[in-house]
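Let me begin by presenting the structure, written as C-alpha cells, before commenting on it.
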Amino acid sequence: MDRCPEFSFFPVRAPACASALALAFLLLLAPAPVQAQLPVGGYLGAEPVEEDIEEQVEEQVEEAVEEAVEDEVATVVEDQVEQVTEQNIQENIEEEIEETIEQSVDDTVEENIEESVAEAVEESVEDEVAATVEDSVQDSVEDSVEASVEEEVAANVEETVEASVEESVEASVEETVEETVEETVEQSVEESVEESVAEVVEESVEESVAANVEDEVEAGVEDAVESAVEEDVEARVVAAIEERLETEIDEIVEDLESHLEVNEDRILKEQWLVMAEPAVFEELDKQGYLFDTVTELPGLGLRLAEVAAPSSFDITEIRQGVLDVVGKDRAEVDLNHIYTAGAPLASPGDGMLPRAAMPPPADLDSLSLRVGMIDSDVDLTHPALSTSQISTRSFARPGAKMPAEHGTAIASIIVGNAADYQGLAPSAEVFAASVFELDGRQGEIASTVSLIRAVDWLMSSGVDVINISLAGPPNRLLETALERAAGDNVVIMAAAGNGGPVARPMYPAAYGSVVAVTAVDASRQVFRLANRGAYLALAAPGVDLRHARPGGGYGASSGTSFAVPFAVTAAARLRQLQPAENIVDLLYRSALDLGPPGRDDIYGYGLLTLTSS
C-alpha cells in the first residue's frame with residue numbers, strides 16, 4: 001500500500017495522501033447544485049440521492065481523518081516512549097551490570113535500605129513523572145500535531161478550496177484533534193509511562209543505592225577495622241620496642257655509671273643514697289631497710305637517706321632491690337658523688353667591672369630581686385658586700401674547713417655595693433648556700449647530699465632563680481631535685497664547665513631543667529677553655545672580670561662560672577617585671593645571635609641581653 005512522504009518537521013507519516021484528504025474535504029464541503037424548481041413549489045431531480053452521497057462522503061472522510069490521526073499519534077507516542085524507555089533502561093542496565101552486590105553487608109541493613117528507598121523513590125518518581133510527562137507530552141503533541149496538520153492541510157487545500165472552506169476545516173480539525181489527542185494521549189501515555197518509568201527507575205535506583213550503600217558500608221567497616229587493628233598493632237609494637245629499648249638503655253647507662261662510679265675521685269666511698277617521698281620510705285621500712293641518716297626536704301617534698309655500705313657493694317643491685325619493693329620511678333638510688341668548683345683562670349691587671357662588661361638597665365638599682373646561689377662560703381665582711389642583703393647557710397659536713405674564694409667572687413658580681421665597686425643588682429637579696437669544703441687531695445669539693453639540701457633550702461626561701469657554679473658527674477638524685485625546683489617555676493642556671501672544647505658535658509649544667517651558660521670576652525669571642533655541646537643555651541661576659549676577694553681587695557678571673565651571674569640577674573629581673581611569662585623563652589628569643597646562624601654548640605642561642613623584655 002502506498003504511503004505519503006514523512007513530514008520533515010515532525011516524525012509523523014500520514015497514512016493517506018494529502019491529495020486524498022483535499023478531495024475528501026472538497027466533496028464534503030462543496031455547495032450542493034441548485035435544483036430546478038417547479039412553478040408551484042417543490043424540487044425536481046434526485047435530491048434524496050445527493051443527500052445520501054453527501055452523508056456517506058462526510059462519514060468516510062471523518063472516519064479516515066480520525067483513523068489517520070489516531071494511528072499516527074499512537075505510532076509517534078509509542079515510538080517516542082519506546083525509544084526513551086529503551087534508552088534509559090539500556091543506560092541503567094549498562095551502568096548497573098558493572099557493579100556487583102557484595103554479600104558481606106548485613107541482611108537487615110539491605111532490607112531497611114530497600115524499604116526506605118522504595119517508599120521515597122515511589123513517591124518522588126510518581127510526582128515527578130506525572131508532572132513532567134503531562135507537561136512535556138501535552139506540549140509536544142499539541143505543538144507537533146497542530147503544526148503538521150495546519151501546514152500540510154493549508155499547503156494542499158489552499159490551492160483548490162476556497163478561503164471559507166480552509167478556515168472551517170482547519171478550525172474543525174484543530175479542535176477535534178486537540179481534544180481527542182489530548183485526552184487520549186495524556187491518559188494512556190501518562191499511565192503507561194508512569195508505570196514503566198517508575199518500575200524501571202525504582203528497580204534501578206534500589207539496586208544502585210543498595211549497591212552503593214553496601215559498598216560504602218563495607219568499605220567503611222573494612223577501613224575502620226583495618227585502621228583500628230593497625231593502630232592497636234602499632235601501639236603494641238611501639239610499646240614493646242620502647243620497653244625493650246628502655247630496659248637496654250637503662251642497663252647500658254647503669255653499666256657505664258658503675259664504671260664511672262668506681263672512680264674514687266668522684267664519690268664518697270662506702271655510702272649510697274636513696275631519695276623519695278615519705279610514703280615510699282614507710283614501705284621500705286616494712287621490708288627491713290635501715291638507714292643511717294634521714295634528712296627531710298620540705299622545700300622539695302622529699303626525704304633523703306644515707307646508707308653505709310661495704311667497700312665492695314654494687315650500686316646497680318641495690319637500686320634494683322629498692323625498685324623491686326617500691327616500683328619504678330617512685331624512688332631514686334645513687335652514689336654520693338663529688339663536685340668541684342670550676343677552677344678559674346686568674347687574669348693579669350684589674351679586670352673589667354661587671355657593669356662595664358654589660359651595662360644594666362636603670363631599674364636594677366631599685367628592684368628587689370630574690371636570687372639563690374650554690375657555691376662556697378661568702379666573706380660578708382668585704383667592703384663590697386658588707387652592706388648587701390646576703391643570707392648564708394652551710395651544708396658542708398660538720399667540722400669541715402670551708403673556702404670562701406669562689407663564693408665571694410660570685411656574690412660580688414651580683415650584689416656588690418661599694419664606692420669603688422658595684423655589682424649588677426646591688427638592691428637584690430641573695431640567699432647563699434655554702435656547699436664546698438676543702439679536701440687535702442682534691443681541693444674544694446661538694447657532695448650530692450650537700451647540693452640537694454642546698455636546693456631544698458633555697459626552695460623554702462622563695463627564690464626566683466638559682467646560680468650554680470660547680471660541675472661534676474650525673475647523679476639521679478640531684479637531677480630529680482633540680483627538676484622539682486624547675487617545676488615550681490624556679491629558673492636554674494649553671495656554668496657550662498671549663499674543660500675545653502672537647503670535654504664531656506658537665507653536670508648539673510647538662511640537665512634539661514638547667515640553663516647552661518658559657519663565657520665570652522669583651523670582643524664576644526668564646527672563652528678558650530669553655531665546654532662546648534648541644535646543652536649550651538646562653539653566652540655572657542666571663543673573661544677578665546673584676547671581683548671581690550675574701551679578706552678585702554679585688555682580683556680578675558676568667559671562667560664560665562663568672563658568666564652565670566649575668567644570666568641569673570637578667571632572669572630575676574624578668575621574673576619581677578613579667579611574672580606570668582616564660583622567662584627562659586624570653587631570654588632565648590632576645591639573645592644576640594653569635595657564631596653560626598641559630599643555636600649552636602659554642603654560643604647556644606647567643607649573647608644574653610640584660611634589657612630583654
Query raised in the report: Suppose every K and R has +1 on its Cβ and every D and E has -1 on its Cβ; what is the size of the dipole of the range 258-393 about the Cα centre, in Debye to the nearest 20?
Result: 340
Report task. Could you work out the mean projected area of the convex hull around the alpha carbons of the range 267-336, in square nanometres to one decimal? Result -> 4.5
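Out of the DSSP beta bridges found with both residues in the range 419-514, what percent are antiparallel (nearest 5)? Don't skip to the end; give the middle numbers.
Details: 4 of 8 bridges.
The antiparallel proportion sits near 50 percent.
State whether the range 457-609 is rounded, prolate or oblate according to the following rule on the C-alpha gyration tensor (a ≥ b ≥ c being the square roots of its eigenvalues): a/c under 1.5 gives rounded; otherwise a/b larger than b/c gives prolate, and the remaining case gives oblate. Intermediate results must be reported in sequence, preceding the final value.
Numbers: a/c = 1.27, a/b = 1.19, b/c = 1.06.
Taking the square roots of the gyration eigenvalues as a ≥ b ≥ c, the range 457-609 is rounded.
Please arrange Phe281, Phe313 by accessible surface area, largest first, computed with a 1.4 Å probe and ligands excluded.
On the way: Phe281 10, Phe313 50 Å².
Ranked list, largest accessible area first: Phe313, Phe281.
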Report summary line: Ordering Asp544, Asp334, Asp363, Asp285 by the accessible surface of their heavy atoms, 1.4 Å probe, largest first, yields Asp285, Asp544, Asp363, Asp334
Report task. At a Cα cut-off below 27 Å, give the lysines reachable from Lys401, other chains included and same-chain residues fewer than 8 away excluded. Result -> Lys269
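Multiply the residue gap between Thr316 and Thr392 by 0.36 nm, knock off their C-alpha separation, and tell me the result in nm, one decimal place. Walk me through the numbers on the way to the answer.
Working: separation 76, 0.36 × 76 = 27.36 nm, distance 3.65 nm.
Contour length minus the Cα-Cα distance gives 23.7 nm.
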Requested in this report: Over the range 267-336, with every protein chain in place, what whole percent of the accessible area is carbon and sulfur at 1.4 Å, could you tell me?
Outcome: 46
Query raised in the report: So, with +1 on the Cβ of K and R and -1 on the Cβ of D and E, and no other charges, what is the size of the charge dipole of the range 345-590 about its Cα centre, to the nearest 20 debye?
Result: 440
Requested in this report: Could you pull out which residues in the range 391-416 have an amide N less than 16 Å from a spot 7 Å beyond the Cα of Thr381, following the Cα-Cβ vector?
Outcome: 402-405, 408
Report summary line: Partner lysines whose C-alpha sits under 21 Å from that of Lys328, ignoring same-chain residues fewer than 8 away, are Lys286
Report summary line: Heavy-atom accessible area of Lys401, protein chains in place, probe 1.4 angstrom, given in Å² to nearest 10, is 140
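Which FRET efficiency value, to the nearest 0.05, is calculated for Thr295 and Arg504 with the Förster distance at 35 angstrom and r the Cβ-Cβ distance? Present the calculation step by step, with values, prior to reporting the outcome.
On the way: r = 30 Å, r/R0 = 0.86.
So the FRET efficiency works out to roughly 0.70.
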Report summary line: Residue by residue through the range 550-559, the couplings from Karplus 6.51 cos²θ - 1.76 cosθ + 1.60 with θ = phi - 60°, in Hz, x for Gly and Pro, are x, x, x, x, 9, x, 10, 9, 10, x
Query - Accessible surface, the range 345-590, averaged per residue in Å² (probe 1.4 Å) - result: 35
**Report entry** With DNA, RNA and ligands ignored, accessible area of Glu483 (1.4 Å probe; Å², nearest 10)
**Finding:** 100
**Report entry** In Å², nearest 10: area of Glu296 left accessible to a 1.4 Å probe
**Finding:** 100
Report task. Could you list which residues have their amide H under 5 Å from that of Met352, counting only those 5 or more apart in sequence or on another chain, with H placed in the peptide plane? Result -> Leu545, Arg546
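The values are calculated or read from the model by the stated rules, or taken from the named source; none is laboratory data. All of these numbers come straight from a predicted model, not from anything done at the bench. In this analysis, Cβ positions are derived from the backbone assuming ideal geometry, glycine residues included, and neighbour counts consider all displayed protein chains. What goes into the accessible areas is simple: the full protein's heavy atoms, side chains included, and nothing from ligands, DNA or RNA. Shrake-Rupley method; radii C 1.70, N 1.55, O 1.52, S 1.80 Å.
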